[in-house]
Structures are given as structure tokens and as C-alpha cells.
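These notes concern the structure reproduced below.
The values are calculated or read from the model by the stated rules, or taken from the named source; none is laboratory data. Note that this is a predicted model, so its numbers are computed, not measured. As a convention, Cβ positions derive from the backbone with ideal geometry for all residues, glycine included, and neighbour counts pool all protein chains shown.
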Amino acid sequence: MQCSFYLWIIALLISVTDSARPLSKDDRIYLREATREMLNHAFNGYMQYAYPKDELMPMTCQGKNTWGNFRLTLIDSLDTLLLTGDLRGFRKVEEIVKKMNFDFDKNVSVFETNIRIVGGLISAHLLYKKAKMPLPDGWPCKGPMLELALDVADRLLPGTLFL
């Protein structure tokens, strides 16, 4: 036990001292591409084994609905796809998400739904411009992701009122 504690301290010190060193351009490119590869691996695994469920259980390669059958990983991936420059992947996911309907009566976690669904949709909406995507008519005050976020937020509102 004590040995693992010391190893943890050594690892922490190495990471702190190493992080003070600025990354070279080659390091940044390598890390960016490694991040894209990891994202593609995880996202493709979700699409192959778990979609349309909320999440992928990696040990069994099966999908699981954990937070309301919202296709949670799909929505969580929208902003990440834009930030990593995968505009084609974003467009595919966007088309699926735009057709989603949140009109169902289900007990959900207000917190998780708010941060992951509403937050994910708002992030995707706001990142359109940064990713140099064609802006929806009326952007930034209108757009399909923002309209879905508002729809979900309106449905969550009764769960946040305390009488």
C-alpha cells in the first residue's frame, strides 16, 4: 500500500514538472491525432455495438439505457466531433439528433439530463461558427440543436420546481 502511494507521488511530480515544458509543434500534432484516433475508436464502437442505447458497456460490447433512453452518447459526441474537426461525423449525428423526439413520460435524472443533453445540444449549437459550419437561419438565436435543447429544458422545468 505504501509503495503504491509513493509511486503515485512520483507520477504526480513527473507530470507536474513535465507539464511545465511547452509542447513542440510535432508533439501537439501527435497528441491531436492520437485524440482523434481514440475518439473514432470509442464512437465507432458505440455506433456498432450500442446505438441507439444510451451507453456502451465495453466489457460485453452491448448497449445500455442508463439515463432515459436519450441516445446519450450520441448527443455527448456532437461537440467533440466538431472540436476534433470531424465535420462529416457531426453531420451524420446531427441528422439523427434533429429527428429525435423527447415527448415521452419517463422518470429521468434532472441533473444528468440537464448537463449532458441540454448542455451537449447547446454546445453543439454554439460551436457551429467555430467549426466553420454553415450557420442555421437565425443563428445564434435559432437553430435545430438550440430548439431541441429548449424543448428538453422546458420538459425538465417541472422537475426543478419546489412547492
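Here are some notes:
- Checking each residue in region 35-75 for being of a type in the set (Ser, Thr, Tyr), surrounded by 13 or more Cβ atoms within 10 Å (Cβ to Cβ) and part of a loop (DSSP other than H, G, I, E, B) picks out TYR51, THR66.
Condition check ((1) touching a residue at least 40 places away in the same chain (Cβ under 8 Å); (2) within 18 Å of ASP54 (Cβ to Cβ); (3) among the aliphatic types (A, V, I, L, M)) across all residues:
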{"position": "MET100", "(1), (2), (3)": "yes, yes, yes"}
{"position": "LYS106", "(1), (2), (3)": "no, yes, no"}
{"position": "VAL110", "(1), (2), (3)": "yes, yes, yes"}
{"position": "THR113", "(1), (2), (3)": "yes, yes, no"}
{"position": "LYS132", "(1), (2), (3)": "no, no, no"}
{"position": "PRO136", "(1), (2), (3)": "no, no, no"}
{"position": "CYS141", "(1), (2), (3)": "no, no, no"}
{"position": "GLU147", "(1), (2), (3)": "no, no, no"}
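- Matching residues in region 101-117 - criterion: being surrounded by fewer than 17 Cβ atoms within 10 Å (Cβ to Cβ), of a type in the set (A, V, I, L, M, F, W, C) and either within 21 Å of PRO136 (Cα to Cα) or within 13 Å of the chain's Cα centre (by Cα) (or both): ILE115
Here is a yes/no grid of residues against (1) touching a Gly at 6+ places or on another chain (Cβ under 9 Å); (2) part of a helix (DSSP H, G or I); (3) more than 24 Å from ARG32 (Cα to Cα):
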residue: LEU81; (1), (2), (3): yes, yes, no
residue: GLY85; (1), (2), (3): no, no, no
residue: PHE90; (1), (2), (3): no, yes, no
residue: VAL93; (1), (2), (3): no, yes, no
residue: ILE115; (1), (2), (3): no, yes, yes
residue: VAL118; (1), (2), (3): no, yes, yes
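- Region 48-73, residues that are farther than 16 Å from VAL108 by Cβ and among the hydrophobic types (A, V, I, L, M, F, W, C): ALA50, LEU56, MET57, MET59, CYS61
- Region 118-130, subset modelled with pLDDT of 85 or more and more than 13 Å from ASP76 (Cβ to Cβ), residue surrounded by the most Cβ atoms within 10 Å (Cβ to Cβ): HIS125
- Checklist (1) at pLDDT 90 or above; (2) closer than 20 Å to LEU148 by Cβ; (3) in contact with a Pro (Cβ under 9 Å, 6 or more places away or on another chain) applied to GLY45, failing item: (2)
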